[in-house]
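Visitor: Below you will find the structure I want to go over with you.
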Amino acid sequence: MQAASELPSSGEDFQQTVAGIFSRAFATDPVMNWIIPAPALYRDFYALLVRDIFAPRGINHIDPQGRGAALWLPPQEKFEIPLSTDFIGLVARLALRRGPRPFLRIRQQGALFARHHPKPPHFHLVFVGCDPQHQGRGIGSSLIKEGTRVCDEAGMPAYLESSNPLNVPLYQRHGFEVQAESRLPGGGPPVWFMWREARG
């Protein structure tokens, strides 16, 4: 497998490739399904995130063959979705499909994540995913390694939230340690909050 490469983080092709990867990778993710129980909307959701957050201010890695991707935010950048007509349209479609419950859960998830988010400056691995048909081939590991290399070169720690227990050992192999585990309200799924110190 080729090493992950950092590509120009803009353009419609990049946006759609990454959105496709994540819509498939997170189709059965416990936390994503709890927050937004409408997988048919995931592709448009991730395309919006790439266009409005990660393309202009993120660090984005994609597998050379388009099988997986990782989206990071550098220190001092926050995960905030700008208000736009596309975002409003996506919210309206979610409301029509699922009613008001997802909006309560989005607020609950946001509050939980904010409570655990570390204050010291750090790189934030917000999303990493691999197309399900290519899982188990070291693609996710290569993407994480590429991101942690950037962190180490900058002498900065890294942080992530793991939404799937199967991924916790993978992150641990790359130096992340569980700082806390918490369950989303009302019987929601658990989340692992993980931190990695910079390595020389």
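The values are calculated or read from the model by the stated rules, or taken from the named source; none is laboratory data. As the structure is a computational prediction, the values presented were derived from the model and not from experiment. All Cβ positions, glycine included, derive from the backbone under ideal geometry; neighbour counts span all protein chains shown. Accessible surface areas use protein heavy atoms only, side chains included; no ligands, DNA or RNA. Shrake-Rupley method; radii C 1.70, N 1.55, O 1.52, S 1.80 Å.
Visitor: Going by what's in this entry, would LEU94 be described as aliphatic (A, V, I, L, M), in contact with a Pro (Cβ under 9 Å, 6 or more places away or on another chain) and closer than 23 Å to PRO185 by Cβ?
Guide: Yes: the conditions hold for LEU94.
Visitor: While we're on this one: Cβ-Cβ below 6 Å, separation at least six or inter-chain, first residue in segment 65-79 and more than 23 Å from GLY138 (Cα to Cα), second surrounded by fewer than 16 Cβ atoms within 10 Å (Cβ to Cβ) and not basic (Lys, Arg): which pairs?
Guide: Pairs that qualify, where the first residue is more than 23 Å from GLY138 (Cα to Cα) and the partner is surrounded by fewer than 16 Cβ atoms within 10 Å (Cβ to Cβ) and not basic (Lys, Arg), are PRO75/PRO121.
Visitor: Let me ask something else about it. Hey, could you check segment 123-139 for residues that are open to solvent by less than 20 Å² (accessible area, probe 1.4 Å) and touching a residue at least 60 places away in the same chain (Cβ under 8 Å) and say which is nearest to GLY200 (Cα to Cα)?
Guide: So, considering only residues that are open to solvent by less than 20 Å² (accessible area, probe 1.4 Å) and touching a residue at least 60 places away in the same chain (Cβ under 8 Å), the one nearest to GLY200 (Cα to Cα) is PHE123.
Visitor: How about segment 64-100: which of its residues are surrounded by 12 or more Cβ atoms within 10 Å (Cβ to Cβ) and of a type in the set (D, E, K, R)? Give the steps one after another, and end with the answer.
Guide: Going through segment 64-100, the residues surrounded by 12 or more Cβ atoms within 10 Å (Cβ to Cβ) turn out to be 64, 66-75, 77, 79, 81, 84, 86-87, 89-91, 93-95, 97-98.
Result: ARG67, GLU77, ASP86, ARG93, ARG97, ARG98.
Visitor: Hey, any hits in segment 6-16 for a residue that's buried (at least 19 other Cβ atoms within 10 Å of the Cβ) and at pLDDT 95 or above? Walk me through it before giving the result.
Guide: Within segment 6-16, the first condition is being buried (at least 19 other Cβ atoms within 10 Å of the Cβ), and the residues that meet it are 9, 14-15.
Filter once more, keeping what is at pLDDT 95 or above: none.
No; the residues of segment 6-16 include none that is buried (at least 19 other Cβ atoms within 10 Å of the Cβ) and at pLDDT 95 or above.
Visitor: Among the residues in segment 106-117, are any open to solvent by less than 30 Å² (accessible area, probe 1.4 Å) and of a type in the set (Val, Ile, Thr)? First the steps, then the outcome.
Guide: The first filter runs over segment 106-117 and keeps only residues open to solvent by less than 30 Å² (accessible area, probe 1.4 Å), leaving 112.
In the following step, the residues that additionally are of a type in the set (Val, Ile, Thr) were identified as none.
No, because not a single residue in segment 106-117 is open to solvent by less than 30 Å² (accessible area, probe 1.4 Å) and of a type in the set (Val, Ile, Thr).
Visitor: Please go through segment 158-200 and pick out each residue that is in a loop (DSSP other than H, G, I, E, B) and either open to solvent by 30 Å² or more (accessible area, probe 1.4 Å) or in contact with a Cys (Cβ under 7 Å, 6 or more places away or on another chain) (or both).
Guide: Those that are in a loop (DSSP other than H, G, I, E, B) and either open to solvent by 30 Å² or more (accessible area, probe 1.4 Å) or in contact with a Cys (Cβ under 7 Å, 6 or more places away or on another chain) (or both): ASN164, PRO185, GLY186, GLY187, GLU197, ALA198, ARG199, GLY200.
Visitor: For segment 127-157, which residues satisfy the criterion of being among the charged types (D, E, K, R), in contact with a strand residue (DSSP E or B) (Cβ under 7 Å, 6 or more places away or on another chain) and assigned to a helix (DSSP H, G or I)? Lay out the reasoning, then the answer.
Guide: Applying the first criterion (among the charged types (D, E, K, R)) to segment 127-157 yields 131, 137, 145-146, 149, 152-153.
Imposing the further condition that a residue be in contact with a strand residue (DSSP E or B) (Cβ under 7 Å, 6 or more places away or on another chain) reduces the set to 131, 146.
Answer for segment 127-157, where residues must be among the charged types (D, E, K, R), in contact with a strand residue (DSSP E or B) (Cβ under 7 Å, 6 or more places away or on another chain) and assigned to a helix (DSSP H, G or I): just GLU146.
Visitor: Then there is this: For segment 35-58, which residues satisfy the criterion of being outside any helix (DSSP H, G or I) and open to solvent by 30 Å² or more (accessible area, probe 1.4 Å)?
Guide: Of everything in segment 35-58, just one residue is outside any helix (DSSP H, G or I) and open to solvent by 30 Å² or more (accessible area, probe 1.4 Å), namely PRO37.
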